[in-house]
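Below is one structure, written out as structure tokens; the observations come after it.
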Amino acid sequence: MKGNHLVIKNTSEVVTCSGFKGKKGKEMSDLHIIPRGAVVIKDGMIEKVGPEEEVLKNLPLEEYEVLDAKGKSLLPGFVDSHTHYIWGGYREEEYSWRLRGDDYMEIMNRGGGILSSVRKTKAARKDELYNDGMKRLDSMLSFGVTTVEGKSGYGLDFDTEIKQLEVMADTDRDHPIDVVKTYLGAHAVPKEYKGREEEMITEIIEKVLPVVVERGLAEFCDVFCEKNVFSVEDSRRLLTKAKEMGMKVKLHADEIVPLGGAELAAEVGAVSADHLLQASNEGIDQMAEKNVVATVLPGTAFSLKEKYARAREMIDRGSILSLATDLNPGSCFTESIPLIIALATLYMDMTTEEAITALTINGAAALDRAETVGSIDVGKQGDMILLEHDSYKFIPYHIGVSTVEKVIKKGKIVYDKEDQPCVIR
Ligand code: NIG
Ligand code: FE
């Protein structure tokens, strides 16, 4: 029985990113590399990792599928801890509007932006959302992503929010990538609730959250805590209630205006606070102190032509920093991990090692999954990527292009560039 039993040998290096919790500050620089390492995966879980000779000694190889890494570098699969990958329709016009100088929030306040995706997501059939979601997951897999977070928030009303979460569950069931589901019903204020945001939060708390919790539709509750969206008070009330009901919480915080979202994240014990372009030093320090992961999304700052979050300073102040794509149809339409790595290293002054930590073990920590994924450690899920090169240093060096050759999910090869040439000639 070979099942999901796999041995990976003949690597140049196993970049383990070893650890079972988020890494802070200087810890982010150590990738815990095993030169010429090997890995044994049994029933989809990592059974052994170490120098090849040690790992292969006395191993009944005939019970395993063997992958010859041909001298290439092996890493944990990437964890993309912030995406909105289920949505209907597109907003390609807005891109040109923003190029001519229209403001992102202004577009939303005149009924476009998130509210435009809400209308299109309401109108979309479940099978359409499912098919588009599966294609987006396929693309993420090609970049080496093995765990992804997905948010609702393009429904806002009860039925469409539930529809989005159900579609997410269907894609999770059918796709090799594991999906962590987040309920983001407080993502924007529909016209009919303008000036009645408090009431909208009350309705979410009384009518939607109990169903989401009861049906296990989402593990996290998120909120867009922002000027002209949901205030710190509204966000606090929602997240506190969600926690009381047993959910974990995260926030879109201090993205456009410094509202105190980072401080709120520390106060309510969020697992992560995301964006943080405008976060104050106090907020950053409070988050670090409470082990709230700081998730920065350079693709969004790039796409909106905003100043990047102060990642370098956050790491130096002791943050657990994670990087994610923020894939969505408006502020950042990209699932490209190589783009995020390029921006992090070239424009946010992060080192290659820090960027890799931020997309593996710290991404896992941002989803409260650091004990099960995000590193190559015994007892964790066998989720890995084999590069086309012999060193992880090629990841940022080949700018904007994926260096992932194979993706292994729970011990099975689920993506192989060598097997699937895209060019027909
Ligand atoms: O994370 N900031 C709020 N929400 C999303 C954008 C969603 C959209 O523009 O559709 C974000 O950037
Ligand atoms: Fe987002």
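The values are calculated or read from the model by the stated rules, or taken from the named source; none is laboratory data. Because the structure is a prediction, the values reported are computed rather than measured. Cβ: placed from backbone, ideal geometry, glycine included. Neighbour counts: every protein chain shown. Note: accessible area is taken over every heavy atom of the protein model, side chains too, but ligands, DNA and RNA are not part of it. Shrake-Rupley method; radii C 1.70, N 1.55, O 1.52, S 1.80 Å.
Couple of notes before you dig in:
- Convex hull of the stretch 1-71 built on C-alpha atoms - directionally averaged projected area, nm²: 5.2 nm²
- Taking the square roots of five times each eigenvalue of the Cα gyration tensor of the stretch 79-366, the equivalent ellipsoid has semi-axes of 25, 22, 20 Å, listed largest first.
- Amide H contacts under 5 Å for residue 64, placed H, 5+ residues apart: none
- Helix 126-142 and the longest principal axis of the C-alpha atoms of the chain enclose an angle of approximately 40°.
- Inter-probe distance in nm under a simple model that places probes 7 Å from Cα toward Cβ, at residue 63 and residue 423: 4.4 nm
- Converting phi to 3J(HN,Hα) with the Karplus coefficients 6.51, -1.76 and 1.60 and the offset θ = phi - 60°, the stretch 272-282 yields 8, 10, 10, 5, 6, 4, 10, 4, 7, 4, 4 Hz in sequence order, with x at every glycine or proline.
- In summary, the lysines within cross-link reach of residue 410, defined as a Cα separation below 17 angstrom excluding same-chain residues under 8 places away, comprise 2, 9, 42, 48, 380.
- Rounded to 10°, Cα long-axis angle of helix 158-174 versus longest principal axis of the chain: 10 degrees
- Mean residue ellipticity (222 nm) of the chain, computed from DSSP H runs ≥ 4 via -39,500 (n - 2.57), nearest 500: -9500 deg cm²/dmol
- If R0 equals 25 Å, the separation of the Cβ atoms of residue 282 and residue 29 corresponds to a calculated FRET efficiency of about 0.45.
- Compactness of the stretch 169-247 was expressed as the Cα radius of gyration divided by 2.2 N^0.38 Å, which yields 1.17.
- The residues of the chain have, on average, 40 Å² of accessible surface per residue, using a 1.4 Å probe with all protein chains present.
- Percentage, to the nearest whole number, of Cα pairs in the stretch 1-141 over 24 Å apart: 57 percent
- Portion, in percent, of the accessible area of the stretch 184-274 that falls on carbon or sulfur, probe 1.4 Å: 50 percent
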